[in-house]
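Have a look at the structure below, then the notes.
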Amino acid sequence: MAEFVKLRPEELKALREQNPSMMSYNVEFAEVTGGTFWKAYTPGQVAGTEPFEVDMSGGLTAAYKDLMQIYPPIDLYEPKLRKLAKEFGPLWVRVSGTWATKTYYDLDDAMGGKVPEGYLNTLTRKQWIGVLDFVKDVGAKLMVSVSGCPGVYGTNEPPIPAWTPREAEKLFKFSADYGVPISGSEFINEPNMLEQTGFPHGYTAADHARDQKIFQQWLKENYPDCIYIGPGSVGDATIGKATGKTSGGVEQLTGNNAKTPELMGDDPAHLDVFSYHYYNGVSERLGGVMPSAHWLPEEANSEDYLAVAGNCARIYSPLRDRFCPGGEMWVTESGDAGGGGDTWASTYLDVLRTLNEAGDFSTVTRGIIFHNTLAASDYAYLDRVTHAPRPNYFAVLLWIRLMGSTVYETGEATRMGAHVYAHSRKDGKDGVVYLVINNSETETTTVELPKAATVYALQGKDGNKRSTVMTLNGRDLVMGDGWELPDLSGAEVPAGKLEVAPLGCTFIVL
């Protein structure tokens, strides 16, 4: 049934002031050093015309040869990449990932690129300077997680000794001396996976509770301006009553996982910010071994699917209140699917999820969402090779440019065809900006405008939900010669009825 929405800006009730850096992003540590990451889908798989198939009969480990590939380090000096990152304005950049837990910091180049025993990767001086120069140039704040593998602990067998900051000190001191201090840090990326995330064999939740307190105290004493963010776990929440699907990533494929209360312990470390990771499920790459956690493309506009991000925030909120009362809540990794993204992650279809996550999250809490990633794998904002912006890049850029910090309760019930969110105007002028998401694939949603408005209507090119090109008011959003951004201006429309096309996402500035 077609939906009708009447905008009543005079009846809006303010909920909170959102963090102005809410739409931040990750740069994977595996990008910085170069290394193994998810193998790109083919154009046919992205378009949905070619099935994704991988032989899982030998288990996940045997299948990795078909799922992963080795990539060279990213060039963070590349002018096009810098230009596109700068368009977002001053945000946070998180440099982390499972790769970070296993990395040795060779910042004096003493190892010559060799990997010491107990580590899997090496970070060179040149590579880290590239990160620091990038963060400085785009006006961002830097967030990291630190190494916590057997090389740091000096053993790969229990009992596990206490964590030591000798490696972390190298990274923090070098960054501070270079003039780009680390502004925020988690202890370990996704620590609930325990040894699967890189900790020594036999590492327990109790070990983590002990070690994060050591890390937090070390930060407080040596780098007091660096906020402590944690615990950064994933998979606490089971989402979707109708489907039984779970939110999270590759932690669903491992056995010995801990929950957030176990990681924090009975005498928890003080958190400045509470953090967790959210993915709607696992991608096609991992669906063969975890089919119950994989969503089909036909479900990507469903109410159950779009509810996952907001439900995650609501489930984690009591944990935030318990372990970081009064603090912000950050999603330090976010994307459509663990395992590098679904085949449609780089298409218009994922714009519905991305914008709905931003809108729903803002109604729950003040915080930051770190999209995974800037330019690695299929869920990235930018193509890894060409750095061409994907639909999500432009959708988030419009959010940043249009949506102000005051979040309003719209009074509209969320339903198929009408996900309605409202913020103040980013330009500081009196008024409000609505976002109306019509997730119906067949029905047009009618919006009644109380006065003239500026409208930014997003769709997949030619009505194709899996198009890699998004349109704005009918114009293709592609970069021009010389890397010029396309025309991102809105259309002036009079008061009256406005139609939001099936699967359309429309910003309305009043």
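The values are calculated or read from the model by the stated rules, or taken from the named source; none is laboratory data. For clarity, every value in this text was computed on a predicted model and none was experimentally measured. Glycine also receives a Cβ, built like all others from the backbone with ideal geometry; neighbour counts cover every protein chain displayed.
Points worth noting:
- Qualifying positions in segment 459-500 - in a helix (DSSP H, G or I), surrounded by fewer than 14 Cβ atoms within 10 Å (Cβ to Cβ) and in contact with a Ser or Thr (Cβ under 8 Å, 6 or more places away or on another chain): none
- Segment 96-112 residues that are under 9 Å from T124 (Cα atoms), paired with ones that are in a helix (DSSP H, G or I) (beta carbon under 6 Å, 6 or more apart): Y105/E167; Y105/K170; Y105/L171; L107/R125; L107/K170; L107/F174; D109/R125
- Number of the exception - I70 against (1) at pLDDT 95 or above; (2) within 23 Å of the chain's Cα centre (by Cα): (1)
- Helices (runs of 4 or more DSSP H) wholly inside segment 118-207 containing at least 3 residues that are within 26 Å of F88 (Cα to Cα): 125-137, 166-178
- 1 or more residues touching a helix residue (DSSP H, G or I) at 6+ places or on another chain (Cβ under 8 Å): qualifying strands (runs of 3 or more DSSP E) within segment 1-57: 13-17, 23-28, 35-38
- As for segment 300-311, it holds no residue that is over 21 Å from W399 (Cα atoms), surrounded by 24 or more Cβ atoms within 10 Å (Cβ to Cβ) and in contact with a Ser or Thr (Cβ under 8 Å, 6 or more places away or on another chain).
- Residues satisfying the stated conditions in segment 276-333, i.e. in contact with a helix residue (DSSP H, G or I) (Cβ under 9 Å, 6 or more places away or on another chain) and among the acidic types (D, E): E284, E299, E328
Results for (1) surrounded by fewer than 14 Cβ atoms within 10 Å (Cβ to Cβ); (2) over 23 Å from N301 (Cβ atoms), shown as yes or no for each residue.
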position	(1), (2)
Y408	no, yes
S424	no, yes
D427	yes, yes
N438	no, no
L449	no, yes
A457	no, no
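- Picking from residues in segment 297-342 that are part of a strand (DSSP E or B) and of a type in the set (D, E, K, R), the one that is nearest to K39 (Cα to Cα) is E333.
- Contacts under 7 angstrom Cβ, first residue in segment 338-357 being surrounded by fewer than 24 Cβ atoms within 10 Å (Cβ to Cβ), partner among the basic types (K, R) and not in a helix (DSSP H, G or I), 6 or more apart: L349/K465; L349/R466
- Residue within segment 123-141 that is modelled with pLDDT of 95 or more, within 20 Å of F199 (Cα to Cα) and of a type outside the set (S, T, N, Q) present: yes
- Number of the exception - L81 against (1) within 30 Å of R466 (Cβ to Cβ); (2) surrounded by 13 or more Cβ atoms within 10 Å (Cβ to Cβ); (3) touching an Asp or Glu at 6+ places or on another chain (Cβ under 7 Å): (3)
- S147 falls short on exactly one of the conditions (1) among the polar types (S, T, N, Q); (2) crowded, with 19+ Cβ neighbours inside 10 Å; (3) over 21 Å from D109 (Cα atoms), and that condition is (3).
- Total residues in segment 390-405 satisfying the condition of being part of a strand (DSSP E or B), surrounded by 24 or more Cβ atoms within 10 Å (Cβ to Cβ) and not hydrophobic (A, V, I, L, M, F, W, C): the figure is 0.
- Tabulated pairs, segment 293-309, first more than 15 Å from V351 (Cβ to Cβ), second in a helix (DSSP H, G or I), C-beta under 7 angstrom, 6+ apart or interchain: A293/Q252; H294/E284; H294/G287; W295/Y305; E299/Y305
- Within segment 57-72, the set of residues being surrounded by fewer than 16 Cβ atoms within 10 Å (Cβ to Cβ) and touching a residue at least 40 places away in the same chain (Cβ under 8 Å) comprises just one member, G59.
- Here E328 fulfils each of the conditions (1) closer than 28 Å to K80 by Cα; (2) touching a Ser or Thr at 6+ places or on another chain (Cβ under 9 Å) apart from (1).
- When the criteria are applied in full, D427 fails the requirement of being farther than 20 Å from I315 by Cβ, among the charged types (D, E, K, R), in a loop (DSSP other than H, G, I, E, B) and within 15 Å of the chain's Cα centre (by Cα).
- All conditions but one from (1) hydroxyl-bearing (S, T, Y); (2) in contact with a Ser or Thr (Cβ under 8 Å, 6 or more places away or on another chain); (3) in contact (Cβ under 8 Å) with a residue 60 or more places away in the chain apply to S424; the one that does not is (3).
- Looking at L286, L296, L319, just one residue is closer than 30 Å to F394 by Cβ and touching a strand residue (DSSP E or B) at 6+ places or on another chain (Cβ under 9 Å), and that residue is L286.
- Checking each residue in segment 347-382 for being out of contact with any Pro (no Cβ under 8 Å at 6 or more places or on another chain), farther than 20 Å from A293 by Cβ and in a loop (DSSP other than H, G, I, E, B) picks out T365, R366, T373, L374, A375, A376, A380.
- Residues located in segment 356-377, provided they are under 25 Å from N438 (Cβ atoms) and either of a type in the set (F, W, Y) or more than 12 Å from the chain's Cα centre (by Cα) (or both): N356, G359, D360, F361, S362, T363, V364
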